[in-house]
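Where a number appears in this text, it was derived from the coordinates with a stated rule and is not lab data. Everything numeric in this text was worked out from a predicted model, so none of it was measured. Virtual Cβ from ideal backbone geometry, glycine too; neighbours counted across all protein chains shown.
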Amino acid sequence: MSTRILKPLAVIAALVATTAVQAGAPMARFQAPGFYRTTLGDFEVTVLNDGTLDLPVDKLLKQPPEKTNAALAKSFQKVPLQTSVNGFLINTGSKLVLIDTGAASLFGPTLGQLLSNLKASGYKPEQVDEIYITHMHGDHVGGLASNEQRVFPNAIVRAGKLDADYYLNPANLDKASGEAKDNFQGPMVSINPYVKAGKFQPIVANSELVPGIKSYFNGGHTPGHITYVVESKGQKLVLLGDLLHVQAVQFDDPNVGISFDSDSKVATSERKEAFAAAAKDGYLIGAAHLSFPGLGHVRANGKSGYVFVPVSYTQPR
């Protein structure tokens, strides 16, 4: 065999050996830090992902399971649905405001990443001035405390008084049975450290909490559920809390409720009103359980349905 043939064969052998080494690399099995940043007028908005939670939405949504499964399949999804849990950090220039804090350890090992993502985004928990809670379910308040200590030592926490009266009432905990006690124990261990420190302020009426951020009561999901309206320089973002859970179903048919709602009729009415307003005026919406980064616009689709249009990835300016 001539040397002219041997040289190309040696090159091919070297390439094969290199490829084999690369293919043998272990799977990384981790994701990039879960934060997304954009601007809203003069404000900076950072979405913080707490992780995902698998939900049996075919059993939770108030419609036949086959309809839920068909709707999910159209979006290339299936049950259990991997559902995002998001918080929203608003830097107004004078205040750093966090809206919802994720679950921390209350809902298992697939959640609890909000604090690390906050740090990865360039902030420290002691820099947060105010925390606004949409409602007192564990996946929204769990990140407030750890080992009965405040995670955000300098923050004032605000939430609806109706929710506080219900979820922080020891008598309601005593009356609850079995797993239902978790509905009260989670909020208590999360919020009571702030109550004891004099850093909890119940929201009693729709109001401007800091310049550019307003509260708006829309109970139904919980007694004191609140959405927050963020505005700067004519740009608007409405954070809907848990007015929706399953974007593949509830945009197309806002009449579909979920068993988590304390009053499904009221929650459905509020959801329909919120979608209609967002579609009409074209402002951004955000929600804890929209797929991360949980921001986008709403477009009308027919007489009663809507389409959610997620934000594109952009660099803040």
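Ordering Thr46, Thr314 by the number of other Cβ atoms within 10 Å of each residue's own Cβ, fewest first, gives Thr314, Thr46.
Partner lysines whose Cα lies under 19 Å from the Cα of Lys67, excluding those fewer than 8 positions away in the same chain, are identified as Lys59, Lys78. Of the chymotrypsin sites (Phe, Trp or Tyr not before Pro) found in the stretch 266-317, the ones in coil according to DSSP and having at most 13 other Cβ atoms within 10 Å of their Cβ are Tyr313.
Looking at the stretch 254-284, none of the trypsin sites (Lys or Arg not before Pro) sits in a DSSP loop with at most 15 other Cβ atoms within 10 Å of its own Cβ.
In this simple spin-label approximation, Met27 and Ser116 carry label points 7 Å from Cα along the Cα→Cβ vector, and these lie 1.8 nm apart. Cross-link partners for Lys161 among the lysines, with Cα-Cα distance under 29 Å and sequence neighbours closer than 8 places in the same chain left out: Lys62, Lys95, Lys124, Lys175, Lys181, Lys196, Lys199, Lys214, Lys236, Lys265, Lys272.
Loop-located trypsin sites (Lys or Arg not before Pro) in the stretch 39-76 (DSSP state other than H, G, I, E, B) with a sparse environment of at most 13 neighbouring Cβ atoms within 10 Å: Lys62. Panel order for Met136, Met27, Met188, by other beta carbons found within 10 Å of each beta carbon, from fewest to most: Met27, Met188, Met136. Helix screen, the chain: DSSP H segments with Cα axial length of 24 Å or more and mean Kyte-Doolittle hydropathy at least 0.5 are 3-23. Considering only Leu290, Leu240, Leu61, the mean-square fluctuation computed in a Gaussian network model of the chain, springs between alpha carbons under 10 angstrom, is largest for Leu61. The ranking of Glu208, Glu270, Glu44, Glu179 from fewest to most other beta carbons within 10 Å of each one's beta carbon is Glu179, Glu208, Glu44, Glu270.
Set against the labelled values (1) 39, 25, 22; (2) 35, 24, 20; (3) 31, 23, 19, semi-axes √(5λ) of the Cα gyration tensor in Å computed from this structure falls on (1).
The helix-based estimate of mean residue ellipticity at 222 nm for the chain, built from -39,500 (n - 2.57) per DSSP H run of four or more residues and divided by its residue count, is -9000 deg cm²/dmol to the nearest 500.
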